[in-house]
Every structure is written in structure tokens, then in C-alpha cells.
Amino acid sequence: MSNLGFRPEDVALPVGHFLAGKLVPGGADIAVTSPGNGRVLAYLPEAGADLVDEAAQTAARVQRESGWASCAPRERAKVLRRWADLVERNAMELARLETVCSTRPIAQTVGWDIPFLAEGIRFFAEYCDKVGGDVAATATNLLGMTVYEPYGVTGAIAPWNFPLVMASWKVVPALAAGNGTVLKPSEMTPFSVVRLAELAVEAGMPAGLFNVVQGTGLATGEAICRHPAIGKLSFTGSTRTGIAVMKAAAESGPKPVTLELGGKSPQLVFDDITSVDDVADRIFRAFTGNAGQVCVTGSRLIVQRGVAEALIAALVARCGQVKALAPWDENATYSPIISEPQADRILALVQGSAHAGAQELVACKRMDTNTGGVFLSPGMMMVQNAECPIWQEEVFGPVLAIQVFDEDDQAFALAEHPVYGLAAGVHTASLPRAMRAIRTLKAGTVWVNRYGRSSDFVIPTGGFGGSGIGKDLGRQAFEANLRLKSVLMAAE
Ligand code: NDP
């Protein structure tokens, strides 16, 4: 990679809401700080209930009157494809906007986030005219049908860890299905999605169909969840906030919700693996990618005794190799922590776990850096019992908790979590073992001999239990943005 580096002060930030196709500046209510250098980038206005109402009413009117829902679906697909092309054409600008206020290094936003975003738009464009209803088996003097229709307006609340990609998983299927939408990004990462919405209008999407409102969860997010014109919600974030979103949806609707929530995902390694080094690479990436600030972070290692010593030694060696570089440095591969309070929370969890008996194999600690950002080094803790906080709680930081097992049944029992069921990884050369793990593990996704999503958008993602309801990606995410109407016609 070369020529990717940039200076944060050279990035022009679109500061404000995006309403009816225009950037709407407002007050200076919220300071947006870059995790890369700890400096304030801009002051953001906060949308209260009035502005959320304006955004929702605008989306509803435009969705009704612009023909977006009533046109031939392939016309919508054309606009979405042009949108994807524009994302690619403006890739460097979007990547910089993403990197400047998030934890995503520039080489990764250029190499992964933006191409993934563009392809995700194309993926959902393909569904526009591919999902129809059914004709029912009725008596021949009747015609029974099911037809899909959009909700009208959907609400989307996105987190800060992959601002563009997470937001797109919510708004793109909603728009492709014929809805208007109101998005609230995290107030920590508010800029790139505004540019994404501008590009949608440039691609030919009716102005006012896709609106972005800025603000905090309690003021702006809650108003979106409770707005009567918003018929469906999609949220990614913590389980605690997901429950609040669902409560608001129940009290103001009820309206359906898609919730992608927390996780404490296990990775099971059996002693028949063919390469310790390959598995170590996978496990290491799975708990240090984005410095562990990923919902599917593989934060619990369950390793069979025969291979434990070698694998742990290989992981310890990798922990010492990460470098703390500012995200806009073209050589950066490791991420800062999103904020000081989040770093304090992670370190407190590590400390509490050490007091509870966990043994620190590698300490997770603040890294020396002159960037001004806060970086935590990868940490590894050996745990003796399942009640230990580092085994139970989502860290959302680069810390791996480890337990060793002897028999397969023990591994499956250790993998169970009382709350979460988001993802799991299985590393084995044995097909019967892999098949048993797939059937036994209580997780929305099971990866075998890999860890992490591929670019196959067709595979849905979402959790069981406290990890959420419904799916992002796949045909299921498109269909979740449609409601089914039953029709029965009689011949006169
Ligand atoms: P939250 O779940 O609190 O926030 C996610 C989004 O929801 C933000 O935009 C937030 O706004 C908004 N929100 C907060 N409260 C409400 C509400 N009552 N109604 C509607 N929207 C609301 O996550 P945090 O960013 O505070 O991170 C805390 C923890 O959540 C992390 O440590 C991690 O464990 C987990 N998390 C999980 C993610 C995932 O990918 N599954 C992503 C991010 C976090 P605001 O920022 O103003 O609070």
C-alpha cells in the first residue's frame, strides 16, 4: 500500500443532519473526538423529537409520492447500482471520512470497508425484483395470494465500530424493498454516512427518502424508536440498549425489530488441527481485529490439552507484534480504542478478572504512543472457572480468555454462555467433530476452519438469545423490510 496516508485536518467534514436531500447544520451540542489523536474534530447538532419527526414525515411523504415504492422494481435497482458505482468513485473520500473519526485504519477502510459497502448495495439491488409473493392453493372460483409491500418508513440505529458498513446493512435493504428510512449513526462516528446519503441523491434516489439525524441515543435514538410513522426498526449495539429499543418498539407500535447485539463468541480448537501456526493466525485476528471492537470477536478460546501449550505460545508471540500507529498512517493495521471511558472499562474488567483468579498470560495495557490516541495491547488470560468476569462479559477490546479441555463434551459445555449466542469458531481436521459442533453449538453463526464473515452477502448474520433477533444480510434481511399482505379474490 502506498499514498494512502493523510492529515486529519485536511478532511472536509459534512457536519450536520441530512434532511430532504440537504446537509442541515445546527447547534454545537456534541463534541466529536477522533480516537486516532484524542482531538475534537467538530461539534455536532443534536436532533430532538421535533427534528426526528420532520425526518420521518419527510421520508413518509417522499416514499408515498416519489414513485419509489410503486415503480417497476428494476428502476429502483438501477438507482442502487449507480449508488454503488458512486461509492467506488468516491472511495478515497469516504475512506478518509470513516478513518478520521472511527477506529478503522485507512488501509482497511480503502481495502475492505468501502469495497464491501459498494458490493453490499449491489447485492440488495439484485433482490428488488426477485422477491414476490405466492399464489395459494384455493378452490378454483377463488384466487388467493400473498403480496409483499414495504412498511413505509424504517428506522435505523447504527454503532460506531464499522460506521458505514453497519449503517448500510440497515438502510440499504430497507431502501431496496421500497421504504424510506431515518438513520441515526453513533454520535462518535457521524460523518461518513452523511456523504453516503448525499451520493444516494446524486445517484437518483428521491431527495428525502434517506435521512440522517445526528444525536445521542437517549434524545435522538429513542425518538426514532417511538415515532408513529416508523413501522420497523433495525439496531446494532449492546444487549442492554437492544432491550430498550425493543421496549420502545413495543410501546409505540408494536413494531418489528431487527436486533444485532452483543456476543462472547467461543473458538474451539481440537488437537487434530494440521497447522498450529494457521490456527494461531485465525484466533489472533479474531480477537484483535479492530482491537476487539467487533460484535463477533472470538473472545473465548477453548483449546484441547494436547495442542494448548503450542497454540498459546504462538499466540503470545503474536501479541508482541502489534504497533500503535494513527489510523490515517498508511502502515497502520491495529486500531485505537474508540474512547477513553471505553479503554477504562476494558482495563477495569481485566483487573477485576485478575482479582477473581484469572491468570494474565499477556497483560492488556495502554501502549506507548505519540499519536494522542488510546491503544490497548492484546491481552490473554487463563481462566479457571466459568464465573470469571472475563469469561462472562463482552469486553469489546483485545482480550482473549482461555480454558483448556480434555474431552469433546467438556468443550461443548464450556462454549455455552448463559446470555449470548452470536457466533462460534471450530478448528478441527475431523469432519464428524465439525458436524457435531455445528449441531451442538448455540450460536447464530458457526464458522469451521475459518473465523469471520466472507464477502458472501447471501449468508445472513445474527444471534440467538441475548445476541439478538432477526438477521442482517442475506435474503432474510431484504424480506424483513417487507410486510406480507394476504389477498383472497372471488369471481363474481
Ligand atoms: P450502545 O448499544 O449503547 O449504542 C449503540 C447505538 O444505540 C448508538 O448509536 C447509541 O447512541 C444508540 N442508543 C443508545 N441508547 C439508546 C436508546 N435508548 N434508544 C435508541 N438508541 C440508543 O453501545 P455503545 O456505543 O455505548 O457501546 C457499549 C457497548 O455496547 C460496547 O462496549 C459493546 O459491548 C456493545 N456494542 C456492540 C456492538 C455490536 O456490534 N454488537 C456495537 C457497539 C457497541 P449513543 O452513542 O448516544 O449512546
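The values are calculated or read from the model by the stated rules, or taken from the named source; none is laboratory data. A quick note: this is a predicted structure, and the numbers were derived from the prediction, not measured. Glycine also receives a Cβ, built like all others from the backbone with ideal geometry; neighbour counts cover every protein chain displayed. SASA here: full protein model, heavy atoms, side chains in, ligands and nucleic acids out. Shrake-Rupley method; radii C 1.70, N 1.55, O 1.52, S 1.80 Å.
The single residue among Thr140, Thr154, Thr146 that is over 17 Å from the mean Cα position of the chain (by Cα), at negative phi and within 16 Å of the ligand (Cβ to nearest atom) turns out to be Thr154. Quick check, is His355 touching a strand residue (DSSP E or B) at 6+ places or on another chain (Cβ under 8 Å) and more than 30 Å from Arg7 (Cβ to Cβ)? Against the criterion (touching a strand residue (DSSP E or B) at 6+ places or on another chain (Cβ under 8 Å) and more than 30 Å from Arg7 (Cβ to Cβ)), His355 does not qualify. Within the range 104-126, does at least one residue satisfy the condition of being more than 27 Å from Pro190 (Cβ to Cβ) and open to solvent by 10 Å² or more (accessible area, probe 1.4 Å)? Yes, the range 104-126 contains a residue that is more than 27 Å from Pro190 (Cβ to Cβ) and open to solvent by 10 Å² or more (accessible area, probe 1.4 Å).
Taken together, Ala286, Ala343 contain a single residue that is within 24 Å of the chain's Cα centre (by Cα), within 16 Å of the ligand (Cβ to nearest atom) and within 30 Å of Phe412 (Cβ to Cβ), which is Ala286. Identification of helices (runs of 4 or more DSSP H) wholly contained in the range 158-246 with 2 or more residues that are more than 11 Å from the ligand (Cβ to nearest atom) yields 163-176, 192-202. Which of the residues belonging to the range 399-422 are open to solvent by 10 Å² or more (accessible area, probe 1.4 Å) and part of a loop (DSSP other than H, G, I, E, B)? Result: Asp406, Glu407, Glu416, His417, Pro418, Val419. Take the conditions (1) part of a loop (DSSP other than H, G, I, E, B); (2) within 27 Å of the chain's Cα centre (by Cα); (3) closer than 23 Å to Val40 by Cβ; Thr369 misses just one of them, which is (2). Comparison of Glu187, Glu222, Glu251, Glu260 shows that the only residue that is under 30 Å from Thr297 (Cα atoms), over 18 Å from the mean Cα position of the chain (by Cα) and not aliphatic (A, V, I, L, M) is Glu222. Summed over the range 21-47, residues that are of a type outside the set (D, E, K, R) and open to solvent by 30 Å² or more (accessible area, probe 1.4 Å) total 12.
Here Pro105 fulfils each of the conditions (1) over 16 Å from Ala167 (Cβ atoms); (2) more than 19 Å from the chain's Cα centre (by Cα) apart from (2).
Taking the range 13-67 as the search range and keeping residues that are in contact with a Leu (Cβ under 7 Å, 6 or more places away or on another chain) and assigned to a loop (DSSP other than H, G, I, E, B), which one is modelled with the lowest pLDDT? Only one residue fits best here, namely Asp29. Any residue at all in the range 79-97 that is assigned to a loop (DSSP other than H, G, I, E, B), surrounded by 15 or more Cβ atoms within 10 Å (Cβ to Cβ) and within 24 Å of the chain's Cα centre (by Cα)? Yes, some residue in the range 79-97 is assigned to a loop (DSSP other than H, G, I, E, B), surrounded by 15 or more Cβ atoms within 10 Å (Cβ to Cβ) and within 24 Å of the chain's Cα centre (by Cα). Cβ-Cβ under 6 Å, sequence separation 6+ or interchain: first residue in the range 124-136 and assigned by TED's automatic domain parsing to the domain that holds Ala480, partner open to solvent by 40 Å² or more (accessible area, probe 1.4 Å) and in a helix (DSSP H, G or I). Which pairs? Listed pairs, sorted by first residue: Ala125/Arg81; Cys128/Pro73; Asp129/Pro73; Asp129/Arg74.
For the range 451-492, which positions are open to solvent by 80 Å² or more (accessible area, probe 1.4 Å) and not in a loop (DSSP other than H, G, I, E, B)? Once the filter is applied, which keeps residues that are open to solvent by 80 Å² or more (accessible area, probe 1.4 Å) and not in a loop (DSSP other than H, G, I, E, B), the range 451-492 yields Phe464, Arg475, Arg483, Leu484, Lys485, Ser486, Leu488, Met489.
Conditions (1) open to solvent by 10 Å² or more (accessible area, probe 1.4 Å); (2) within 11 Å of the ligand (Cβ to nearest atom), marked per residue:
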| position | (1), (2) |
| --- | --- |
| Ala250 | yes, no |
| Gly253 | yes, no |
| Phe270 | no, no |
| Asp277 | yes, no |
| Ala280 | no, no |
| Val294 | yes, yes |
| Leu301 | no, no |
| Gln304 | yes, no |
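Only a single criterion out of (1) within 16 Å of the ligand (Cβ to nearest atom); (2) open to solvent by less than 10 Å² (accessible area, probe 1.4 Å); (3) more than 30 Å from Ala326 (Cβ to Cβ); (4) not charged (D, E, K, R) is not satisfied by Thr428, namely (1). Of all the listed residues (Arg475, Arg483), the sole one being modelled with pLDDT of 95 or more, among the charged types (D, E, K, R) and touching a helix residue (DSSP H, G or I) at 6+ places or on another chain (Cβ under 7 Å) is Arg475. One residue alone among Glu387, Glu360 is in a strand (DSSP E or B) and more than 16 Å from the ligand (Cβ to nearest atom), and that residue is Glu360. Condition check for Ser238 on (1) under 30 Å from Ala55 (Cβ atoms); (2) in contact with a strand residue (DSSP E or B) (Cβ under 9 Å, 6 or more places away or on another chain): one failure, at (2).
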